[in-house]
1. With a sphere of radius 12 Å drawn around the Cβ of Tyr245, what net charge do the other residues whose Cβ falls strictly inside it have (Lys, Arg +1; Asp, Glu -1)?
2. With contacts defined as alpha carbon pairs under 8 Å and 6 or more residues apart, what's the relative contact order of segment 180-248 in percent?
3. Taking segment 74-120 on its own, what percent of its Cα-Cα pair distances exceed 12 Å?
4. Which aspartates and glutamates, if any, have their Cα less than 19 Å from the Cα of Lys41, not counting same-chain residues under 8 positions apart?
5. At a Cα cut-off below 18 Å, give the aspartates and glutamates reachable from Lys179, other chains included and same-chain residues fewer than 8 away excluded.
6. Could you tell me which trypsin sites (Lys or Arg not before Pro) in segment 46-118 are loop residues by DSSP with no more than 14 other beta carbons within 10 angstrom of their beta carbon?
7. Are there any trypsin sites (Lys or Arg not before Pro) in segment 184-261 that are in a DSSP loop and have at most 16 other Cβ atoms within 10 Å? List them by number.
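What follows is calculated from the coordinates using simple rules that are stated; it is not laboratory data. Predicted model, so just to flag it, every value in this text is computed and none were measured. Note that we place each Cβ from the backbone using ideal geometry, even for glycine, and neighbour counts take in every protein chain shown.
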Amino acid sequence: MVKKVLSIGFCLTLVLCSFTPLERKSLKVKTIVIDPGHGGKDPGCMKNQVKEKDLALDISLKVGQLIKENMPDVKVIYTRKDDRFVELHDRAGIANKNHADLFISIHVNSGPAGMHGTETYCMGLHKSEQNLEIAQRENSSILLEEDHKKNYEGFDPNSPQSYILFSLYQSAFMQNSMKLAHKIETEFQLSNKRHSRGVKQAGFLVLWKTSMPSVLVETGFITDTADFKFLNSEAGRFDSAWGIYSAIEDYKKELEESDWE
């Protein structure tokens, strides 16, 4: 275990040091991978026969369409465009293979009575039991995969100890991941008039092996009456997509304008 931790830390150091200051400074947003959560045999959260996988797919397709219409210089790639099961490591693999500049995973939340609103996660070590519970729920999708022990190096989504290693991955792309996450939550709060629960960190497997700024967006609680009504409406899903798109647009503009400084 100690050797594995040291090996992972060394690899991360190599990744961070492999970019010269000029290369870091000239980063552009040319390719965005959008990841609709769950799919196929994995429905995600459910309420009144409405499934998270369907809501997440519709919002994701809307985000992609807005990017295509308003950012013709950006390539959009989906991890799925229909109701199919995609393993979590393959989602990250799609982003890495296509040298994506951003990875955005879109989900719908679930929780106890009284919990409502949006929250956006970056990869990191959970700082509360609730963050851990959400990560455990989302990560439980790997139990539907045939070779999950091999693909995730023995990771157990139900073991809190398995999440300790994730702390090593916080620094690689954390600054830009956090920047995008804050912009998404700001759009939800100010433009969409949603209740924002803020930006958080937790050990999401879907973000684990992505080699670019990555966020996981929880667009609302399917278990909350108002959130459910919002997300189950065409207007609500479009507003969610518009909030995410607007944040991406702002992030891209800020990143690329800073390249000229």
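1. Numbers: positive: Lys62, Lys68, Lys183, Lys252; negative: Glu69, Glu187, Asp239, Glu249, Asp250.
Cβ neighbours under 12 Å give a net charge of -1.
2. Values: 49 pairs, mean separation 30.6, N = 69.
RCO, segment 180-248: 44 percent.
3. Details: 764 of 1081 pairs.
Percent of Cα pairs beyond 12 Å in segment 74-120: 71.
4. Here the aspartates and glutamates satisfying the reach criterion relative to Lys41 are Glu52, Asp54, Asp58, Asp82, Asp83, Glu87, Asp90, Glu138, Glu145, Glu146, Asp147.
5. Those aspartates and glutamates meeting the cut-off are Asp101, Glu119, Glu187, Glu218, Glu249, Asp250, Glu254, Glu256, Glu257, Asp259.
6. Numbers: sites: Lys47, Lys51, Lys53, Lys62, Lys68, Lys75, Arg80, Lys81, Arg84, Arg91, Lys97; in loops: Arg80, Lys81, Arg84.
Taking segment 46-118 and a limit of 14 other Cβ atoms within 10 Å, the loop trypsin sites (Lys or Arg not before Pro) found are Lys81, Arg84.
7. Details: sites: Lys193, Arg194, Arg197, Lys200, Lys209, Lys229, Arg237, Lys252, Lys253; in loops: Lys193, Arg194, Lys209.
Sites meeting the loop and neighbour criteria: Lys193.
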